Amino acid sequence: MPIYDLTYEGFRGQRSRTPVWFPILENTILLAFRNRTLFWTYLIGAVPTLIAIVYLYLRYQIQAMDSGSGFRGRMGAMFVFEIKSYFQFLSSQGVVAMIIAGIVGSAAIGNDRRGNALEAIFARPVTLGSYLLGRWLGLFVLVLGATLIPALTIWYFDNALSLDPDRLSKTLSYPIRLAAWSIVHSTSVSLLVLAFSALISRGWVALAGYAGFAFITSGLIGALAAAVNRAYEPAAVYLRGFGYVEALFQIQHAILGVPENLHSLKTSTLTSAIWLAFLALVSIGVLVRKVRPIEVVS
Amino acid sequence: MRPRRRALPSLHPGAEHTCALILELDRLCVDYGRFRALHEMTLSFQGGAMGLLGPNGAGKSTMIRCILGMLRPAAGSGRVLGLDIHRDGAEIRRSVGYMSERDSFPQHLNAVQWLTFLGELSGLTLVDARTRAHECLWFAGLEEARYRAVETFSVGMKQRVKLAAALVHGPKLVFLDEPTNGLDPAGRRQMLELCRALNQQHGIHTILASHLLPDVEFVCSQVMVMSKGRLRAYGPIADLKRSERKAFVVRVAGSMERFRAEVAQRGASSSEPDRRGTIVEPPGDAGSEFVFAAARAAGVAVLELSALQRSLEEVFLDSLRAGELADSGAAR
């Protein structure tokens, strides 16, 4: 083995125009797809989309068999695909997206901290802001991909298969609403997961912490709200907004414009929005405080 | 007509600056909370290979990290390749390579991917970064192992990856922090040869931080001694090793006892002979002719005569001792 390559030459090249956070984003996505669990989660997450497309196809085929007066037409009218259907679909996709965020994000920063890679990264012209932006955007894109792409795909097939010539004008606002919800959901989820990853270096512990926070706090808040509900119902409505999962669902209701089910527990949109915004800010604070190029001991 | 492409900015703005000084520090101080880790460091490095010597905790790594903009200086100023350490931290890190003392690797990436990523972070395009990753890993002797995950590497291979990572963007100045840590003698020798080749064959200015004196002596022509966050000595190794005493190391053919007796008779002192010979301190302004005259009178032949030099270890220990005396004097 040669001690060193005598043909080695220095490099005096030109600077790339790419912003410095972009390679970090690429790296986050590259590392994510090394994880086979993520691949399977994406695959499983695509199943509801396929079912929805088949459902839409069958629905419009049945409707096409009869013009709406006979049995088949009544069947077609019964299985309508409206914004409420999108809501139900996105609720399940939201859970898939949260799982994806957990798998990818829980180790995104933790791995860099454990391997001390942060020191090597920050020895480059990388600022804290660009590092966090790159990591967050990488995770955000992956989470967004699990909600927005399936939702837009369904919307496309809904319009492509529909017999109604006005279907497009009727559903023209859907993509904006779907995108708005996907962005809010992905932002909130990805920031929270990254904050856990910055707090806890071990990926699976961070994942457990994130899952515990999301579901246990919802359970606790739900129980507390149930207790308060007996004494003063409006307080319980506000309180429920502080459950993480409930807050996400409530914002989903508000953005998609779907009224709450009569039987569902009422939750305040205001407290939900405040809680999600607060969590996002706290997550950013945790990221800024915990991600340091050098762990100063003294 | 095809629009003319705007020229991309150079990767090394500092390198374009034709500055006489590679590194210039003026009363630089760094604090960790209330603890002052670096006290008023002032130095000018004109290029070449410089050793940064000091015991553990002397402030070597702190100084390097401050120069790279990873730590904010509490006071003072500094310039690296003509770039201000207060203002141009990002530009400095683009033009300078840094091999960290501690292992700093990601998980689940192979050596090529890791270096490509670091190259891109330094401002290289993806294609350039990938090409450079291969070149630098080849240079560091890791050509066979470059597609293996870095976490599976031996200590020696990890050190080589760190060296290659420091070079991936083609820096003009490179900081090597304890590059031989944890290496066996053969690996250490190879690493030191690589470090020496950087400056001697490729013209990369090198600053090597170590507490191993032979490593510094092998690679560097200049040295800077630090302890307790203060600069204790700085200059070319040859100058620092030159003894303040005017004395000669003499080896003779014939009776050493007769020669020493003759030297004593002529009013000079000589030490007990050892492997090197005896150290003769001529009186007054007398020079080497005194030694030859004494040898002639004693009937012995001079085999070897050289001016007395201190070892680097003596330079280092003397600097530390002088520093401690100065500290205790200042405290009183």
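The values are calculated or read from the model by the stated rules, or taken from the named source; none is laboratory data. Here the structure is a predicted model, which is why all the values come from computation and not from measurement. Reconstructed Cβ throughout: ideal geometry from the backbone, glycine too, with neighbour counts over all protein chains shown. These accessible areas exclude ligands, DNA and RNA; they are computed on the full protein's heavy atoms, side chains included. Shrake-Rupley method; radii C 1.70, N 1.55, O 1.52, S 1.80 Å.
Worth a mention:
- Output for the range A:60-84, where each listed residue is at pLDDT 80 or above and crowded, with 18+ Cβ neighbours inside 10 Å: A:Y60
- Filter result for A:P150 (open to solvent by less than 30 Å² (accessible area, probe 1.4 Å) and in a helix (DSSP H, G or I)): yes
- Members of the range B:210-227 that are open to solvent by 10 Å² or more (accessible area, probe 1.4 Å) and of a type in the set (D, E): B:E217
- Residue within the range B:132-147 that is over 16 Å from A:V126 (Cα atoms), assigned by TED's automatic domain parsing to the domain that holds B:L183 and in contact with a Pro (Cβ under 8 Å, 6 or more places away or on another chain) present: yes
- B:A233 satisfies every condition listed in (1) within 24 Å of B:G51 (Cβ to Cβ); (2) not in a strand (DSSP E or B) except (2).
- With respect to the stated conditions, A:A107 fails to be within 14 Å of chain B (Cβ to nearest Cβ) and in contact with a strand residue (DSSP E or B) (Cβ under 9 Å, 6 or more places away or on another chain).
- Here the helices (runs of 4 or more DSSP H) wholly within the range A:190-298 that include at least 1 residues being surrounded by fewer than 18 Cβ atoms within 10 Å (Cβ to Cβ) and within 14 Å of chain B (Cβ to nearest Cβ) are A:203-231.
- Scanning the range B:271-284 for residues that are more than 16 Å from B:R296 (Cβ to Cβ) and of a type outside the set (V, I, T) yields B:S271, B:E272, B:P273, B:D274, B:R275, B:R276, B:G277, B:E281, B:P283, B:G284.
- Matching residues in the range B:196-214 - criterion: being assigned to a helix (DSSP H, G or I) and at pLDDT below 90: B:A197, B:L198, B:N199, B:Q200, B:L213, B:P214
- Flag if B:L137 is more than 8 Å from chain A (Cβ to nearest Cβ) and within 21 Å of the chain's Cα centre (by Cα): no
- The set of residues from the range B:95-118 being more than 7 Å from chain A (Cβ to nearest Cβ) and within 17 Å of B:A129 (Cα to Cα) comprises B:S95, B:V96, B:G97, B:L109, B:N110, B:A111, B:V112, B:Q113, B:W114, B:L115, B:T116.
- Of the residues making up the range B:163-185, not a single one is of a type in the set (D, E, K, R), in a helix (DSSP H, G or I), touching a Phe, Trp or Tyr at 6+ places or on another chain (Cβ under 9 Å) and assigned by TED's automatic domain parsing to the domain that holds B:R130.
- Against the list (1) surrounded by fewer than 24 Cβ atoms within 10 Å (Cβ to Cβ); (2) at the interface with another protein chain (Cβ under 9 Å from one of its Cβ atoms), the condition B:A165 fails is (1).
- A single entry from B:M191, B:M157 fulfils the requirement of being within 12 Å of chain A (Cβ to nearest Cβ) and in contact with a Ser or Thr (Cβ under 7 Å, 6 or more places away or on another chain): B:M191.
- Against the conditions (1) within 20 Å of A:L43 (Cα to Cα); (2) more than 14 Å from every other protein chain (Cβ to nearest Cβ), A:W136 satisfies every one except (1).
- Looking only at the range B:81-100, residues that are surrounded by fewer than 24 Cβ atoms within 10 Å (Cβ to Cβ) and aromatic (F, W, Y) come to 0 in all.
- Single residue of the range B:101-131 satisfying the filter (touching a Ser or Thr at 6+ places or on another chain (Cβ under 8 Å) and not in a loop (DSSP other than H, G, I, E, B)) that is most open to solvent (accessible area, probe 1.4 Å): B:R130
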